[in-house]
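Student: Sharing a structure here in structure tokens format.
The values are calculated or read from the model by the stated rules, or taken from the named source; none is laboratory data. As the structure is a computational prediction, the values presented were derived from the model and not from experiment. Cβ placement follows ideal geometry from the backbone for every residue including glycine, while neighbour counts extend to all protein chains displayed.
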Amino acid sequence: MNYEVVIGIEIHCELKTKTKMFSGSPTSFNEPANTCVNEIDLAFPGTLPTVNKEAVRKGIMACAAFNLEIDTLLKFDRKNYYYSDLPKGFQITQQFHPLGKNGYVDIEVDGNTKRIGINRIHLEEDTAKQFHIDDETLIDFNRAGTPLIEIVSDPDMSSGSEASAYVETLRQTLLYIGVSDVKMEEGSMRCDVNISLNKPNEPYGTKVEIKNLNSISNVARAIDYEIKRQSEILDKGEKVISSTRRFDESSRTTIEMRRKEGGVDYKFFPDPNIVPIRLSDDWVKEIVNSLPELPSERKKRYKNDYGLNDNEINVYLGNRDLAELFEECMKYGDKARSISNWLITDVLAWLSKNNVEIKNSELKPKELVRMIELIEEKVISSTQGKDIVLDGIMKGELTEDIINEKGLKQVSDEGMLLEVINKVLDEQPQSIVDYANGKDRAVKFLMGQVMKKTRGQANPSLANKLIVEELAKRINK
Amino acid sequence: MEKIYKAFEKAKNDKCNAIVTLVEPKENLNKGKLSGEPIILKDNISTKGIRTTASSKILDNYYPIFDATVVEKIKAEGGVIIGKASMDELAMGGTNLAAYTGPVLNPWDYKRMSGGSSGGSAAAVASGIVSFAIGSDTGDSVRKPASFCGIVGVKPTYGRISRYGVVAYASSLDHVGYFTRNVKDASLMLEVLAGRDDKDMTSSFKEVKEYSKLLNSDVKGKKIAVFKNVIDSLDNENTLNLFNDLLNKLKEKGAIIEEVSFDNDLMRTLFPVYFIIANCEATSNHSNLDGLRFGVSEDGDDTREVVINSRTKGFGSLIRKRFVIGSFGLHEENQEKVFKKAQRIRRLIVEEVKKCLEEYDCLIAPASNDIAPLLEGNKIDELSDKYLIAENHMVIGNFTGYPSMTVPMGFEKGCPIGVNITCKAFDEENMFNIGLAIEESTGLKDLVAKVD
Amino acid sequence: MIEKEYIKELAHELMFDLSEEEVVEIQKEYETFSKQLELLEKIDTKDVKPMPYPFENETNYLREDVVTHVITQEDALRNASYSKEGHFVVHKVVK
């Protein structure tokens, strides 16, 4: 019996800011315990929250990227519950007035596009990190108060692949617009899945929440397993229990963590310490307009305008600086194919070999294109480009200078070449005999000699043609 | 520093059990409005390296690592802190009998209470230890003890004084306030404590005037609204006579005195609306007191039990009972009927007072029905108008956030009682002027109880 | 009347216990409290929005994303009953 699968996903992303959501202490990763905190993060008596402007800005960018309506009156509420990683005994969040509402994102699964609704995005703060070592709990508050956005989807997904496509699209976009570094394995992006099954056109079944999904593939695996598990239960006519389950990577199954007996009442109410904050329309517009082109749009444009293939486009979608460099080069020459090849292979290789980041490299886009033109005009060979010119232009030098300094001009002047070839033939009578006796290898030897004499500048195909012709003349004499 | 050491000696021999922690005076080289002045702080004000308990067992061993903004401001103006004063536990009381260090006695009559929850600070000023003491006022916790102790008690406009570092009770009602023995000192103290603080998002950007230099007790033509609902709920003849004498004197000075009445059903809700909002916010505000990062921690088999044991032993009975009411009011199924209902009525009350103060310069009424009650006095009927209105009307200052102060009005059986005035938002200049006029009319100024 | 069980449940949710007398006291005090609640019900609050702050005028202040205040690990742990390797520790009593 196949059931309708209803999946909704809640994603928490740590925002890339310098300080916490409600305090002026630094955000951090892997610092010594409790060294990136202040009295506010530890909820000492008398401390008060102050809202981080940059976190709001990045929250607005996320809302804009996924087409949400932005509420310019910022309000915060308290979610009251007790846990040792929650120092205040409540989390400051936005329950009643999320920053953004009613957005969507288009995902691609097996070639067709599907629109997934995004119900809301709101700002909130992270909890501390805890370590349970035998019978003790150790708590580090460095992460406490780190700005988060929570992205709540509509229950529009119905398979593991749709869910993972959704998470990947969100991940790639958030990375692309520089809002978060979205590292699922490091926890800067966390994903909780809510899934229920029901017989066709019957109301939604009991919801099960799956936590601890720390990679895109695990999202799909967990869902596929859960669909099987719940289907078997329903097939036997039993009821699925509303509970929270943990995805176990080794066994690729979901394991029950706790039953959900009735909703927990978080006693939400507006935080009296944060009066409503009016965002100016200009500021919001400025942020929305500052949004870089999204991966989805860029993909279409790169395909239509530049005819790049999917692999190349994926490289650019994963590396915004490289994409920006590519577009800069395109300004100097409509050679998408060759520019892209050089960038994706040689330039990236050079950068990683020399441990230089794209944004710090001195490469002038104009020079890369100039080099490509010279190769196409056969002024220099592509090997000369790879081995010699590239290194120079990566350090900011001009193509013309490198070629002149290194005397790289390919000699294509027949007269000059004939002179050199005949000199070589005079010096190598034995090769002529070998050639006459059918040893074609001789030609390669002669080519080597010509290249040496012309310091590699001889145009290889032209030189080859002339050598064979001169040999033929010598033999018939 | 001579005045300071004298005060420190007096503090050591305090007879009113007002002081929780004595603070060895440290010379303060800053020159300013409080140069050479010894200051006592209510014990819910964080003082770096100095024990701050908010009179709760759970904070008995708590040494803050930062100063509250008001402490920084006092030090910047040359003030020297010599002690932390007793208070009702977590400021959740109006009698100062619920202090972890025992009740604070009224300096005018040790058989009577000082009033709370800033009782220690009030007693310290009234018994002559210091001329300036800091308190906090969520329902009338500065203005009520000021009345019982015969001194000036000021609660400025909400947001005037930063709450950063002050242990929260109910954030939408809490104000930092203070005690002095005369109106001039009161006007000076606001210059020291007020001003925008970026660490408190509810802190006001409004300009802080030189109040002490702008004092002018000429009340000719000022319109004063007598709070009729309070007058009707009083039954103490002496209090009414003192109050009427005062009104006549003000009339002689040219003030226009008129009676104003608000909807009495609405006035009967003053106390329950306060009780609900305060308890709901307090139960959330004190969720951080769990013994895990600071404070007295009890043992337990797991984290949950450690927290339950710490909070059970760390909070007094009154506190835990009020937290239960607060949580009850915040629960989803009750919020509409309890918490939100109280918040809606708060808006109706605020709107009525706002309308009144658009026409009048201030609202005036006796601060309470009687002088300070006996420590072992019988309990007042909490459903009577006397309790609901006469004893709790000053909470209007906390609902509205409007500036309100109490000034001594007279004596009965050798014990003082005060009069309370409330002006419109940020109109402290007008409030101090009317306060000065009252002080000049009654001649009651710089009162110090003879402490044998 | 408010049930004893419900009172105990509310207390446990708030992470503390109540003695038997305290539960009985709450039941008694709840009588007065519920009468006071009746005073609230008399007031018509239709179309009146809850008032969570004394002054509702919006602010436009937002804190700049600049590190302004960090404390040392020593200060962070100064008031902790138990700490180990720079962490707060919830010490378990092994019976």
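Student: Would you mind stating whether B:Leu34 is outside any strand (DSSP E or B), aliphatic (A, V, I, L, M) and at pLDDT below 95?
Tutor: No.
Student: Is it the case that some residue within region A:254-267 is crowded, with 16+ Cβ neighbours inside 10 Å, farther than 22 Å from A:Ile9 by Cβ and touching a residue at least 24 places away in the same chain (Cβ under 8 Å)?
Tutor: Yes, region A:254-267 has at least one match.
Student: How many residues does region A:352-373 hold that are in a helix (DSSP H, G or I) and touching a residue at least 24 places away in the same chain (Cβ under 8 Å)?
Tutor: Going through region A:352-373 one residue at a time, the tally reaches 11.
Student: Show me the helices (runs of 4 or more DSSP H) entirely contained within region A:374-477 in which 3 or more residues are in contact (Cβ under 8 Å) with a residue 24 or more places away in the chain and not small (Gly, Ala, Ser).
Tutor: A:390-394, A:399-406, A:414-427, A:441-453, A:460-476
Student: Within region A:37-84, how many residues are within 9 Å of chain C (Cβ to nearest Cβ) and of a type in the set (Gly, Ala, Ser)?
Tutor: 2
Student: Here is a further query. Under 7 Å between Cβ atoms, which residue pairs at least 6 apart in sequence (or on different chains) link something in region A:116-141 that is under 30 Å from A:Ser158 (Cβ atoms) with a partner that is polar (S, T, N, Q) and assigned to a strand (DSSP E or B)?
Tutor: Every condition considered, the pairs that remain are A:Ile116/A:Ser153; A:Gly117/A:Ser153; A:Ile118/A:Ser153; A:Asn119/A:Ser153; A:His122/A:Thr93; A:Glu124/A:Gln91; A:Glu124/A:Thr93.
Student: Starting from residues that are among the acidic types (Asp, Glu) and within 8 Å of chain B (Cβ to nearest Cβ), keep the ones in region C:1-23 and report whichever is surrounded by the most Cβ atoms within 10 Å (Cβ to Cβ).
Tutor: Within region C:1-23, the match that is surrounded by the most Cβ atoms within 10 Å (Cβ to Cβ) is C:Glu13.
Student: Quick one: B:Val296 ticks every box in (1) surrounded by fewer than 24 Cβ atoms within 10 Å (Cβ to Cβ); (2) under 15 Å from B:Met92 (Cα atoms); (3) touching a residue at least 24 places away in the same chain (Cβ under 8 Å) except a single one, so which number is it?
Tutor: The one condition B:Val296 does not meet is (2).
Student: Got a sec? Which of B:Ser217, B:Ser204 is in a loop (DSSP other than H, G, I, E, B), of a type in the set (Gly, Ala, Ser), surrounded by 18 or more Cβ atoms within 10 Å (Cβ to Cβ) and at pLDDT 95 or above?
Tutor: Result: B:Ser204 is the single residue among B:Ser217, B:Ser204 that is in a loop (DSSP other than H, G, I, E, B), of a type in the set (Gly, Ala, Ser), surrounded by 18 or more Cβ atoms within 10 Å (Cβ to Cβ) and at pLDDT 95 or above.
Student: To continue, here is another question. For B:Gly83, are the conditions met, namely being closer than 19 Å to B:Cys149 by Cβ, among the small types (Gly, Ala, Ser), modelled with pLDDT of 95 or more and out of contact with any Gly (no Cβ under 7 Å at 6 or more places or on another chain)?
Tutor: Considered against the rule, which asks whether it is closer than 19 Å to B:Cys149 by Cβ, among the small types (Gly, Ala, Ser), modelled with pLDDT of 95 or more and out of contact with any Gly (no Cβ under 7 Å at 6 or more places or on another chain), B:Gly83 comes out as yes.
Student: Would you list the strands (runs of 3 or more DSSP E) that sit entirely within region B:88-160 and hold 1 or more residues that are farther than 23 Å from B:Val23 by Cα and among the β-branched types (Val, Ile, Thr)?
Tutor: The strands (runs of 3 or more DSSP E) meeting that bar are B:152-155.
Student: Suppose the filter is assigned to a helix (DSSP H, G or I) and either in contact with a helix residue (DSSP H, G or I) (Cβ under 7 Å, 6 or more places away or on another chain) or free of Cβ contacts under 8 Å to residues at least 40 places away in the same chain (or both); does A:Met61 pass it?
Tutor: yes
Student: Something else now. Please indicate, with yes or no, whether at least one residue in region A:5-22 is within 11 Å of chain C (Cβ to nearest Cβ), outside any loop (DSSP other than H, G, I, E, B) and either acidic (Asp, Glu) or buried (at least 21 other Cβ atoms within 10 Å of the Cβ) (or both).
Tutor: Taking every residue of region A:5-22 in turn, at least one turns out to be within 11 Å of chain C (Cβ to nearest Cβ), outside any loop (DSSP other than H, G, I, E, B) and either acidic (Asp, Glu) or buried (at least 21 other Cβ atoms within 10 Å of the Cβ) (or both).
Student: Related question: Within region B:315-333, which residues are surrounded by fewer than 18 Cβ atoms within 10 Å (Cβ to Cβ) and either at pLDDT 95 or above or at the interface with chain C (Cβ under 9 Å from one of its Cβ atoms) (or both)?
Tutor: B:Ser317, B:His331
Student: Mind listing whichever residues of region A:243-276 are closer than 30 Å to A:Leu48 by Cα and of a type in the set (Lys, Arg)?
Tutor: A:Lys267
Student: Okay, moving on. Suppose we filter region B:160-177 for residues that are more than 9 Å from chain A (Cβ to nearest Cβ) and more than 22 Å from B:Thr95 (Cα to Cα); how many remain?
Tutor: Qualifying residue count for the region: 2.
Student: Somewhere in region B:23-32, is a residue surrounded by fewer than 22 Cβ atoms within 10 Å (Cβ to Cβ) and under 23 Å from the mean Cα position of the chain (by Cα)?
Tutor: Among the residues of region B:23-32, at least one is surrounded by fewer than 22 Cβ atoms within 10 Å (Cβ to Cβ) and under 23 Å from the mean Cα position of the chain (by Cα), which makes the answer yes.
Student: Taking the stated definitions as given, is B:Ala282 in a strand (DSSP E or B), surrounded by 17 or more Cβ atoms within 10 Å (Cβ to Cβ) and in contact with a Phe, Trp or Tyr (Cβ under 8 Å, 6 or more places away or on another chain)?
Tutor: no
Student: Quick check: anything in region B:297-310 in a helix (DSSP H, G or I) and away from chain A (no Cβ under 13 Å)?
Tutor: Checked against the condition, which is being in a helix (DSSP H, G or I) and away from chain A (no Cβ under 13 Å), region B:297-310 yields at least one hit.
Yes/no matrix, rows are residues, columns are (1) aromatic (Phe, Trp, Tyr); (2) surrounded by 16 or more Cβ atoms within 10 Å (Cβ to Cβ); (3) modelled with pLDDT under 90:
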| site | (1), (2), (3) |
| --- | --- |
| A:Ala349 | no, no, no |
| A:Ser352 | no, no, no |
| A:Lys364 | no, yes, no |
| A:Glu367 | no, yes, no |
| A:Leu374 | no, yes, yes |
| A:Ile380 | no, yes, yes |
| A:Asp401 | no, no, yes |
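Student: Can you name the residue in region A:4-49 that is acidic (Asp, Glu) and out of contact with any helix residue (DSSP H, G or I) (no Cβ under 8 Å at 6 or more places or on another chain) and is also farthest from A:Glu232 (Cα to Cα) among such residues?
Tutor: Filtering first and then ranking leaves A:Glu39.
Student: Hey, can you tell me all the residues within region A:272-292 that are within 14 Å of chain B (Cβ to nearest Cβ) and surrounded by fewer than 19 Cβ atoms within 10 Å (Cβ to Cβ)?
Tutor: Matches in region A:272-292: A:Pro276, A:Arg278.
Student: Now, a different point. Within region A:261-295, track down each residue that is at pLDDT 95 or above, over 30 Å from B:Ile161 (Cβ atoms) and of a type in the set (Asp, Glu).
Tutor: Within region A:261-295, A:Asp281, A:Asp282, A:Glu286 qualify.
Student: For region B:361-378, indicate whether the set of residues that are facing chain C (nearest Cβ under 10 Å), crowded, with 17+ Cβ neighbours inside 10 Å and either of a type outside the set (S, T, N, Q) or in contact with a Gly (Cβ under 9 Å, 6 or more places away or on another chain) (or both) is non-empty.
Tutor: No, there is no match, as no residue in region B:361-378 is facing chain C (nearest Cβ under 10 Å), crowded, with 17+ Cβ neighbours inside 10 Å and either of a type outside the set (S, T, N, Q) or in contact with a Gly (Cβ under 9 Å, 6 or more places away or on another chain) (or both).
Student: Quick check on A:Asn218: is it under 27 Å from A:Gly24 (Cα atoms), touching a strand residue (DSSP E or B) at 6+ places or on another chain (Cβ under 9 Å) and part of a helix (DSSP H, G or I)?
Tutor: no
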